[in-house]
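The values are calculated or read from the model by the stated rules, or taken from the named source; none is laboratory data. Computed from a predicted model, the values in this text were never measured in an experiment. Note: ideal-geometry Cβ built from the backbone for every residue, glycine included; neighbour counts use all protein chains shown.
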Amino acid sequence: MAWSFPDPEACYAWGKRLGEILTLPAMIFLEGDLGVGKTTLARGVLRGFGVLDRVKSPSYTLIETYSTARGPALHLDLYRLSDGEELEFLAIRDYLGEAALWLIEWPERGGGFLPEPDLRLRLSIASPGHHRLEVLLATARAASWLIPLPGGDDDGD
């Protein structure tokens, strides 16, 4: 499935709606080049999931954790990792034991140290000012999260 967003606000709103729907545990990979909207999308998902605090980019801290009424949420940005083994220094295994929402930007940099995702959200620039989101499902449970989200096309692009 795929969606097209005319502006960052539409991307954020889509993420917020997904955050309202998803159930724990949820492992979501955010993929795409620099500047395609991964953090904007993550902020929307976190807000919809119930994060009331200011949602900070984890670009320098690598991980931001949030407590919500629905459970813990973790937002990781692995862009600065040179090797997936560096996740061990973040005590990643300690976090993996609990049901949580995981949003991971640049997941390919954590190769071999991350579990398989429920969803892969791949963002790209479709044309100037328009972003495209391709959703790749990994679990049947994640498919149910997408049913209430309007506006998707299934044209295989």
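Here are a few things to note about the model shown:
Quick grid of which residues meet (1) touching a residue at least 24 places away in the same chain (Cβ under 8 Å); (2) farther than 19 Å from Gly48 by Cβ; (3) surrounded by fewer than 18 Cβ atoms within 10 Å (Cβ to Cβ); (4) touching a Phe, Trp or Tyr at 6+ places or on another chain (Cβ under 9 Å):
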position	(1), (2), (3), (4)
Ala91	no, yes, yes, no
Asp94	no, yes, yes, no
Trp102	yes, no, no, yes
Glu108	yes, yes, yes, yes
Leu119	yes, no, no, yes
Arg122	yes, yes, yes, yes
Ala126	yes, yes, yes, yes
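- The stretch 24-80, residues that are over 12 Å from Leu123 (Cβ atoms), in contact with a strand residue (DSSP E or B) (Cβ under 7 Å, 6 or more places away or on another chain) and part of a helix (DSSP H, G or I): Val45, Leu46, Phe49
- Conditions (1) within 19 Å of Thr139 (Cβ to Cβ); (2) modelled with pLDDT of 95 or more; (3) not hydroxyl-bearing (Ser, Thr, Tyr): number failed by Met1: (2)
- Screening Leu146 with (1) under 17 Å from Gly32 (Cβ atoms); (2) at pLDDT 85 or above gives one miss only, at (1).
- When we screen Val45, Val55, Val36, Val51 for residues that are of a type in the set (Val, Ile, Thr) and more than 28 Å from Ala140 (Cβ to Cβ), the only hit is Val55.
- Selection status of Arg17, modelled with pLDDT of 95 or more, surrounded by fewer than 19 Cβ atoms within 10 Å (Cβ to Cβ) and out of contact with any strand residue (DSSP E or B) (no Cβ under 7 Å at 6 or more places or on another chain): yes
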